[in-house]
Amino acid sequence: MTGASGRTLIMGVVNVTADSFSDGGRYLEPGAAVARARELVADGAAIVDVGGESTRPGAHRVPAELERDRVVPVISALAEEGIAVSVDTMRASVAAAALAAGAAIVNDVSGGRADPGMTTVVADSTAPWILMHWRPAQGAPGPAWADIHHEITDYDDVVLQVRDELLHQADAAIAAGIAPERIVLDPGLGFAKNADHNWALLHRLDVLQDTGFRVLVGASRKRFLGELLGGREPAGREVATAAVSALAAQAGVWGVRVHDVRSTADAIAVTAAWQRGAAPTTTATQDGA
Ligand code: PMM
């Protein structure tokens, strides 16, 4: 299932954080974050994902109040402009404040496992819920998520295990009264996964698609792309990101989450024209250009 046009939607990222791996510190000031979000929308983002807590390897949790105070002013301003916003948070209190400020989607990188209150907050709203796959440190979810850089990366079959663990979370959401149409599954590339795991998941995106749930893919600028390109820094990973976006669109995913929207929009436009066998406008031109 894709967007209303049948085309894969683009979610543009605005990290209101000091330490995200590719844009940390650039959009901490609300005005800068709002300006960035407007650029992303102008470039073709259908959704702007606003996050106030970094999840990069080695990051530590920020206090809930700080996370909330970072994202709420940005979300309010964007919602007032009619921009569809998702809030990237693992905390129920932050999700609740974001929804009250006008967020339309909850993007939870813990797949609903970090905060037992999250299910109720989402169930009490009408917002879609993105359940991303991630395995924190062994043990009870509470303390484990407090130290998010210890991850479990042992898989016998990463594709089937990620699918089954996501379906388990989706079942819990449905049991709490959240309609299946509101659930989006995300394989969580790079989260408790090495490069081989990520490529295996992308190679078999059909397995997630076949669950019938909407699927989101977030590959943007991630380390496995840098490794593929001989150790390239995040800023040099845009073409590889756009290629993943095009291939994910080809696989029929609902959305892709990226930092640079324009290159991904171009790649998805090519995929759409390729699949259609025609340019989006049917007016024939004779100029040969
Ligand atoms: N990746 C990051 C953060 N949030 N959310 C979803 N749903 N999927 C992802 O792959 C994902 C995410 C990684 O951090 P970044 O914001 O610096 O890209």
query: What do you reckon, is Thr211 among the hydroxyl-bearing types (Ser, Thr, Tyr), within 25 Å of Pro136 (Cβ to Cβ) and either outside any loop (DSSP other than H, G, I, E, B) or open to solvent by 10 Å² or more (accessible area, probe 1.4 Å) (or both)?
result: yes
- request: Among the residues of the stretch 224-258, count how many are outside any helix (DSSP H, G or I) and under 19 Å from Trp274 (Cα atoms).
  value: 6
message: Being under 26 Å from Trp254 (Cα atoms) and at pLDDT below 95 is true for just one of Glu29, Glu81, Glu53. Which residue is that?
response: Glu53
- line: Those residues of the stretch 174-208 which are within 13 Å of the ligand (Cβ to nearest atom), in a loop (DSSP other than H, G, I, E, B) and open to solvent by 10 Å² or more (accessible area, probe 1.4 Å) amount to Gly190, Phe191, Lys193
- line: Among the residues of the stretch 259-281, the number that are more than 16 Å from the ligand (Cβ to nearest atom) and assigned to a helix (DSSP H, G or I) is 13
- prompt: With Ala103, Ala59, Ala114, Ala45 as the choices, which residue is assigned to a loop (DSSP other than H, G, I, E, B), within 16 Å of the ligand (Cβ to nearest atom) and out of contact with any helix residue (DSSP H, G or I) (no Cβ under 9 Å at 6 or more places or on another chain)?
  reply: Ala59
- request: Any chance you could count how many residues in the stretch 25-42 are buried (at least 21 other Cβ atoms within 10 Å of the Cβ) and part of a loop (DSSP other than H, G, I, E, B)?
  value: 1
query: Taking interchain pairs and intrachain pairs at least six residues apart, which have beta carbon atoms under 9 angstrom, with the first residue in the stretch 143-166 and open to solvent by 60 Å² or more (accessible area, probe 1.4 Å) and the second of a type in the set (S, T, N, Q) and modelled with pLDDT of 85 or more?
result: Thr153/Asn194; Arg163/Thr211
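The values are calculated or read from the model by the stated rules, or taken from the named source; none is laboratory data. Everything quoted here is computed from the prediction, not taken from an experiment. Positions of Cβ are backbone-derived with ideal geometry, glycine not excepted, and every protein chain shown enters the neighbour counts. Surface areas here come from the heavy atoms of the whole protein model, side chains and all, with no ligands, DNA or RNA. Shrake-Rupley method; radii C 1.70, N 1.55, O 1.52, S 1.80 Å.
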